Amino acid sequence: MKKKLTIFLLLLSFLGVFFLFDTTQSVDLKNQVVEQIKEGADTAGLGNPTSPQIIIVEVLKIALGVVGSIFLALVVYGGFVYVNSRGDEEQVKKAQKIIVGSIIGLTIILLSYSVTLFVGTQATGQKVNIQ
C-alpha cells in the first residue's frame, strides 16, 4: 500500500510539473504571437491609430492632386485647340474660353489649398503639410 501511494504521489508530482511548464510555455507563445502581430502592424504603418482629422487632410490632398491634374489637362487641351485653330475665330474663342476657365479653376484650387491648410492646422493643432 505504501509503495502504491509513493508511486501515485511521484506520478502526480511529475504530471503537475509537466502541466506547469506547459502553461508557462503557452503563455510565452501567446506573448510571442502578440508581439509579432504588433511588429507586423507597425511595419505596415497600421500600429498607430490615425486621427480623423489627419484622414480628412489626406483625402483633401488626394482630391487637390486630382483637380490639379484636371487643370493641367484642360490647359494642354486649350493650347492644342488654339494651335490647331488655324486662324478660325470660333476655334480661337473656344480655346481662350477653355484656358481662361482652367485658370479660374486653378485660382479656386489655390484658394481651397489655403483653406485646407488653415482648417487642417486649426483642427489638428499642428502644421499640416499638404504637398
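Every number here is computed from the coordinates shown, using simple stated rules; none is lab data. No experiment lies behind these values; they were computed from the predicted model shown. Note that each Cβ is placed from the backbone with ideal geometry, even for glycine, and that neighbours are counted across all protein chains shown.
Worth a mention:
- Straightening the chain between residue 103 and residue 30 buys 20.3 nm, computed as 0.36 nm per residue apart minus the Cα-Cα spacing.
- Computed about the Cα centre, the dipole magnitude for the stretch 45-126 is approximately 40 debye when only Lys and Arg (+1) and Asp and Glu (-1) carry charge, each at its Cβ.
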